[in-house]
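Structure first, then comments.
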Amino acid sequence: MASGIGVDEEVIRVYEDMKMRKGDVKSRKKMVCFCLNENMTKIIVEKDVEILNEDVGSKFKDPYTECVNLLPKDDCRYLLLDVSYCTKESSKEDLVFMFWAPENAPVKKKMMYASSKDAVKKKLSGIRCELQVSSRDDVLDRSFLASKLKGDITSIEGVGIH
């Protein structure tokens with residue numbers, strides 16, 4: 001089911017910048033959050049809900065956990081993560097799209113976000129993997145992400161996979 005909700009041009013610009021890894025390394029976005037605007041007519045970049053590369057290590061010790069902590073407990077979001085991970089062979093970075101729909105979010109919001117997910121994904125071509133999560137425990141379990149990235153992943157954002 002298509003929702004008819006549009007995607008703001010800033011969402012596409014942010015995605016392209018992250019995909020091409022444009023700009024100064026320190027000021028590049030490590031994570032950005034997208035949400036529905038107040039009228040629920042457009043997917044927009046959520047202001048001030050992002051982590052920059054320059055924040056990693058100083059402000060945020062573990063950017064992956066910090067991303068999860070930025071998610072609202074009772075509302076849906078889309079997240080775009082620039083995930084760094086290691087396999088036995090090499091180090092890699094890939095973009096991951098996450099659809100966050102917590103169990104206690106209003107049903108109408110869950111339906112709006114779910115029916116709009118494809119619209120935003122079509123605008124973000126080249127995503128390495130997609131996660132759909134409804135529980136903080138699931139998203140904090142790095143092995144869940146590792147299974148979606150596929151391969152023999154040994155660590156994500158510097159934390160080992162068990």
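We did not get these values from a lab; they are worked out from the coordinates using the rules stated. Please read all numbers here as calculations on a predicted model, not as lab measurements. With ideal geometry, Cβ positions are generated from the backbone for all residues, glycine too; neighbour counts draw on all protein chains shown.
On C-alpha positions alone, give me the angle between the axis of helix 9-20 and the longest principal axis of the chain, in degrees, nearest 10.
Value to nearest ten degrees: 20.
Gaussian network model of the chain, Cα springs within a sub-10 Å range: biggest mean-square fluctuation belongs to which of 43, 127, 51?
Largest GNM mean-square fluctuation: 127.
Could you put 128, 142 in order, starting from the residue whose Cβ has the fewest other Cβ atoms within 10 Å?
With the fewest neighbours first, 128, 142 line up as 128, 142.
Of the listed peptides 69-76, 97-104, what is their order by residue-averaged count of other C-beta atoms within 10 Å, with the highest listed first?
Result, highest mean first: 97-104, 69-76.
Computed FRET efficiency, Cβ-Cβ of residue 87 and residue 8, R0 35 Å: what is it to the nearest 0.05?
Efficiency, from the Cβ-Cβ distance: 0.50.
Over 22 Å between C-alpha atoms is what I'm after, so list which of 19/123; 19/110; 30/123; 30/148 land there.
In this structure, 19/110 exceed 22 Å between Cα atoms.
May I ask you to compute the full-extension gain from residue 130 to residue 150, defined as 0.36 nm times their residue separation minus their alpha-carbon distance, rounded to one decimal in nm?
6.0 nm
Greater than 32 Å separation of Cα atoms is the criterion. Which listed pairs, 73/121; 42/88; 73/150; 59/108; 29/150, meet it?
42/88; 59/108
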